[in-house]
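All remarks here apply to the structure that follows.
The values are calculated or read from the model by the stated rules, or taken from the named source; none is laboratory data. Note that the structure is a prediction, hence the values are computed from the model and not measured. When we count neighbours, we look across all protein chains shown, and the Cβ atoms used for this are built from the backbone with ideal geometry, even at glycine. Accessible surface is based on the protein model in full, side chains and every heavy atom, while ligands, DNA and RNA are left aside. Shrake-Rupley method; radii C 1.70, N 1.55, O 1.52, S 1.80 Å.
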Amino acid sequence: MKGSFTRIITIYSAIYALACGAFFAVLIRSGASKEMVWAAAAFVLTTTIIFAGYLLSLRSGMIAILDKLSLTVQSLIDGQDREYFPVFEDNLLSKLQGQVLKLSGILRTQKLQYKEEGEEMKSLITDITHQLRTPLANLNMYNGMLANEGLPPDKRTEFARIACDQTEKLTWLMDSLVKLSRLESGMIEVRAERRSLMDTVLAAIKTFYPAAEEKGLEISFEGGVPVPLLHDAKWTGEAIGNVLDNAIKYTPAGGKIKVTIERYEMFARIDIADNGLGIPEAELAKVFQRFFRGASSSDTQGVGVGLYLARKIVTEQGGYMKVSSEPGGGSVFSFFLPVDTATNEKSVE
């Protein structure tokens, strides 16, 4: 930059000197008096000094600006984001500095986000490996026992049943973990369409009704006012189904599960209430954590993925979940999904 500026000054100075020489040659040939020649020389000298001073000040100013820009970039590299140009001045350099600092903030945020996503993926892989280890070890153990030709028939039948159960658990676990990992990594995108929320809830109830009936549980539904809203029916049904599955598992035979839908001004609310075992207060803040299982769930099949996946699905659609429960008094899981108010106003009319 400095070399280019110097070359430009040198070229224009040479042109200026040639022009001055030509001017004095014309004056002398035209027979101008000595006083006029000296006056012209004084004028040229004065303008030359002024012009040279201007160029030197301009060069000094440009060097100062470049130095400040260099310091600004170096501060960004060092992660300090220092401001070397006055932010209160509305000029090009201040605006450029503000844009560069803003870009630096965006890049830093993205870097942090990528780091967090990488850590989350590492944690997910570790958790998946841990969860798969137990059923695989059980399968290897019971398959080894079944290979014993001297095993009594009753034991062979029992071990075959256990191996079959472990295979089913492994299949269910793999399906859940695949869904979870694909959602976590963004491979599955939740796509919202304007659908009836009541139809989505009823479809989920229909899927789990046979399991509830087999256990002797009663499922009731109160739909209230139909609520058409933007949501992914497939994944929302998956989230509702996960909560229903939990309610069926932890509600004793003869119990009741009640599903209700209410519409508020900004959200549609789905409540799934049961009169099952309930959740201790100390565990309420952990029920939505990945792979968390309460103390009372040790005898119930599961790995603690369902509720985490349900909240993940709802969050991806701009909603949220909450739970209220008492030990021995049942639980209420609530979904809150954002409502398209303009659409609902038309439906009410």
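Which of the residues that make up the range 153-173 are open to solvent by 60 Å² or more (accessible area, probe 1.4 Å) and either touching a Leu at 6+ places or on another chain (Cβ under 8 Å) or more than 30 Å from residue 237 (Cα to Cα) (or both)? So that I can check it myself, show each step before the final result.
Residues of the range 153-173 open to solvent by 60 Å² or more (accessible area, probe 1.4 Å): 153-158, 161, 164-165, 167-168, 171-172.
153, 154, 155, 156, 157, 158, 161, 167 - these are the residues of the range 153-173 that are open to solvent by 60 Å² or more (accessible area, probe 1.4 Å) and either touching a Leu at 6+ places or on another chain (Cβ under 8 Å) or more than 30 Å from residue 237 (Cα to Cα) (or both).
Here is a check on your reading of the model: is residue 229 in a strand (DSSP E or B) and modelled with pLDDT under 90?
yes
As an exercise: evaluate residue 229 against (1) surrounded by fewer than 18 Cβ atoms within 10 Å (Cβ to Cβ); (2) under 26 Å from the mean Cα position of the chain (by Cα); (3) touching a residue at least 40 places away in the same chain (Cβ under 8 Å) and give the number of the one condition it does not meet.
Single failed check for residue 229: (1).
Working only within the range 52-65, note down all residues that are open to solvent by 60 Å² or more (accessible area, probe 1.4 Å) and free of Cβ contacts under 8 Å to residues at least 12 places away in the same chain.
Those that are open to solvent by 60 Å² or more (accessible area, probe 1.4 Å) and free of Cβ contacts under 8 Å to residues at least 12 places away in the same chain: 54, 56, 57, 58, 60.
What is the residue count in the range 240-257 for residues that are outside any helix (DSSP H, G or I) and of a type in the set (S, T, N, Q)?
Of the residues in the range 240-257, the ones outside any helix (DSSP H, G or I) are 250-257.
The next check asks that each one be of a type in the set (S, T, N, Q); those that pass are 251.
Selection size over the range 240-257: 1.
From (1) modelled with pLDDT under 70; (2) outside any helix (DSSP H, G or I), pick out the condition that doesn't hold for residue 125.
Single failed check for residue 125: (2).
Using beta carbons and a limit of 6 Å, which pairs, at least six apart or on different chains, have the first residue in the range 135-159 and under 21 Å from residue 171 (Cβ atoms) and the second one open to solvent by 50 Å² or more (accessible area, probe 1.4 Å) and modelled with pLDDT under 85?
Close Cβ pairs (under 6 Å, with a partner that is open to solvent by 50 Å² or more (accessible area, probe 1.4 Å) and modelled with pLDDT under 85) amount to 135/169; 159/145.
Give the number of residues within the range 253-280 that are closer than 22 Å to residue 292 by Cβ, open to solvent by 30 Å² or more (accessible area, probe 1.4 Å) and over 32 Å from the mean Cα position of the chain (by Cα).
Of the residues in the range 253-280, 1 are closer than 22 Å to residue 292 by Cβ, open to solvent by 30 Å² or more (accessible area, probe 1.4 Å) and over 32 Å from the mean Cα position of the chain (by Cα).
Here are 5, 23: which of them is open to solvent by 80 Å² or more (accessible area, probe 1.4 Å) and either among the aromatic types (Phe, Trp, Tyr) or at pLDDT below 75 (or both)?
None of the others qualify; the one that does is 23.
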